[in-house]
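Student: Below is one structure. I have some questions about it.
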Amino acid sequence: MRPILMKGHERPLTFLRYNRDGDLLFSCAKDHTPTVWYADNGDRLGTYRGHNGAVWSCDVSRDSARLITGSADQTAKLWEVSTGRELFSFRFDAPTRSVEFAIGDALAVVTTDNFMDHVPTVQVKHIAEDLDDQTDESALVITGIKGRINRAVWGPLNRTIITAGEDATIRIWDSETGKLLKESDKESGHQKTITSLSKSSDWSHFITGSLDKSAKVVLGGGQDAMNVTMTDRRAGKFEAKFYHKILQEEIGGVKGHFGPINALAFNPDGRSFSSGGEDGYVRLHHFDSDYFNIKM
């Protein structure tokens, strides 16, 4: 692999997202400033300034024209990708955690944390094509989940919303009515907080990672940040590990970060991936040509 070290954040990374074409990489961190990079050579294109708290997640529209971000400052913001201009700010009563555009980019799902007297929620927002028509109103609000909701993603054809979080339960909701359709079994499912949830490219299945040390395909990790100073890098195991999706066997790993890995993302073309760490760095990894000569 050919790793590229990208330094543009002053605090730990929280989330990474490629655009549909795979030529842009968006990164979020606790330093309030989402950043966009060229996915090929790691050059920084620009930043999106306007948040006043840690930015926990982002998503980019299918045409790479708009970016949505969720932040601890109790807002989710829409941005113009090419200029960095803030287009609209959705305001909430609690920090926002997870954001994602629906197919067609006319809707977005946003989660809010449990904060003071406010319970965690999943909210659906209409995304207007004309900014003059954009409103702050929610088309749907889902409540009843205990604990923070770490991820919410759209299901096939925007018919469902899938959530996962602190209560270690995966839930599938009807995106029109907010009715709970299905939830994971507590005995056979995760036993601790679910920290990540990602869909396959064909939307046929999704993958979760948890503090119970179980995941599928690829995971990033290491010790909690509070324990890092007491151990060296090797003891902390700050690496990305690759697993065979069917056989569930570990097939490789990539080291490099000097702290826990907080975010991982694969380029849609399958030829590279990026990782974001507690150390504030984004590492871009390209698979070399020999890898594809062997695998293809």
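The values are calculated or read from the model by the stated rules, or taken from the named source; none is laboratory data. Since we're looking at a predicted model, the values are computed, not measured. Here the Cβ is made from the backbone with ideal geometry for all residues, glycine too, and neighbour counts use every protein chain on show. Ligands, DNA and RNA are excluded from the accessible area calculation, which covers all protein heavy atoms including side chains. Shrake-Rupley method; radii C 1.70, N 1.55, O 1.52, S 1.80 Å.
Student: With all protein chains present, how much of the accessible area of the range 1-53 (probe radius 1.4 Å) comes from carbon and sulfur, to the nearest whole percent? Could you put the intermediate results ahead of the total?
Tutor: Working: 1010 of 2550 Å².
Its accessible area is 39 percent carbon and sulfur atoms.
Student: Right, another one. To the nearest 10 Å², what's ARG283's accessible area with a 1.4 Å probe?
Tutor: 40 Å²
Student: With r defined as the distance between the Cβ atoms of THR177 and ALA65 and R0 fixed at 30 Å, what FRET efficiency is calculated, to the nearest 0.05? Could you put the intermediate results ahead of the total?
Tutor: On the way: r = 30 Å, r/R0 = 1.02.
Rounded to the nearest 0.05, the efficiency is 0.50.
Student: For the range 60-121, with all protein chains present and a 1.4 Å probe, just round the carbon and sulfur fraction of the accessible area to a whole percent.
Tutor: Numbers: 1180 of 2430 Å².
About 48 percent, which is the carbon plus sulfur part of the accessible surface.
Student: I need the phi-derived Karplus couplings for the range 178-191: 6.51 cos²θ - 1.76 cosθ + 1.60, θ = phi - 60°, integer Hz, Gly and Pro marked x.
Tutor: x, 6, 6, 9, 6, 9, 5, 6, 6, 7, 8, x, 5, 9
Student: Could you work out the relative contact order of the chain, using alpha carbon pairs under 8 angstrom and six or more residues apart, expressed as a whole percent? If you can, show how the numbers build up before the last one.
Tutor: Numbers: 788 pairs, mean separation 44.4, N = 296.
In percent, rounded to a whole number, it is 15.
Student: Taking θ = phi - 60°, what integer Hz values does the Karplus form 6.51 cos²θ - 1.76 cosθ + 1.60 yield along the range 35-52, in sequence order, with x for Gly and Pro?
Tutor: 9, 10, 10, 6, 6, 7, 10, x, 5, 7, 8, x, 10, 10, 9, x, 6, 10
Student: With a 1.4 Å probe and all protein chains in place, put LYS245, LYS213, LYS125 in order of accessible area, largest first. Working shown, then result.
Tutor: Details: LYS245 105, LYS213 185, LYS125 5 Å².
The most accessible residue leads, giving LYS213, LYS245, LYS125.
Student: Can you give the extra length, in nm with one decimal, that the chain gains between ASP202 and LYS255 once fully stretched, where that is 0.36 nm per residue apart less the Cα-Cα distance? Could the numbers behind the result be given before it?
Tutor: On the way: separation 53, 0.36 × 53 = 19.08 nm, distance 2.90 nm.
Gain on extension, ASP202 to LYS255, equals 16.2 nm.
Student: Mind checking the full-extension length gain between ARG44 and LEU157? Use 0.36 nm per residue of separation minus the Cα-Cα distance, one decimal, nm.
Tutor: Computed gain between ARG44 and LEU157 is 37.3 nm.
Student: Would you kindly work out the equivalent ellipsoid of the chain from its C-alpha gyration tensor and give its semi-axes, the square roots of five times the eigenvalues, largest first in whole Å?
Tutor: Values: eigenvalues 159, 105, 75 Å².
Semi-axes from the Cα gyration tensor: 28, 23, 19 Å.
Student: Still on this structure: Give me the distance between the Cα centres of the range 13-44 and the range 84-116, rounded to whole Å.
Tutor: So the two Cα centres are separated by 18 Å.
Student: When ligands, DNA and RNA are left out and all protein chains stay put, how many square angstrom of accessible area per residue does the range 10-118 have with a 1.4 Å probe? Please report the intermediate quantities before stating the final value.
Tutor: Numbers: 4420 Å² over 109 residues.
Normalised by residue count, the accessible surface of the range 10-118 is 41 Å².
Student: Also, I was wondering about something else. When the chain is treated as a GNM, springs tying every alpha-carbon pair under 10 Å, which of ILE207, ILE170, ILE246 comes out with the largest mean-square fluctuation?
Tutor: ILE246
Student: When ligands, DNA and RNA are left out and all protein chains stay put, how many square angstrom of accessible area per residue does the range 144-214 have with a 1.4 Å probe? Intermediate values should be presented prior to the final figure.
Tutor: Numbers: 4000 Å² over 71 residues.
Ligands and nucleic acids excluded, the result is 56 Å² per residue.
Student: Here is a further query. Using per-residue counts of other Cβ atoms within 10 Å, averaged over each peptide, order 100-113, 180-193 from highest down. Please report the intermediate quantities before stating the final value.
Tutor: Working: 100-113: 20.1, 180-193: 13.0.
Ranking the peptides 100-113, 180-193 by packing returns 100-113, 180-193.
Student: May I ask you to derive the FRET efficiency for THR143 and LYS213 from their Cβ-Cβ distance with R0 = 25 Å, giving the value to the nearest 0.05?
Tutor: On the way: r = 30 Å, r/R0 = 1.21.
Rounded to the nearest 0.05, the efficiency is 0.25.
Student: Moving to a separate point now. How would you rank 83-89, 161-167, 133-139, highest first, on the average number of other Cβ atoms within 10 Å across their residues?
Tutor: Details: 83-89: 14.4, 161-167: 23.3, 133-139: 11.9.
Put in order of decreasing packing, that is 161-167, 83-89, 133-139.
Student: Ranked by accessible surface with a 1.4 Å probe, highest first, in what order do TYR18, TYR243, TYR38 come?
Tutor: Working: TYR18 20, TYR243 60, TYR38 110 Å².
Reading off the accessible areas and sorting them downward yields TYR38, TYR243, TYR18.
Student: Ordering MET6, MET116 by accessible area with a probe of 1.4 Å, largest first, what comes out? Intermediate results must be reported in sequence, preceding the final value.
Tutor: On the way: MET6 5, MET116 165 Å².
Listed by decreasing accessible area, they come as MET116, MET6.
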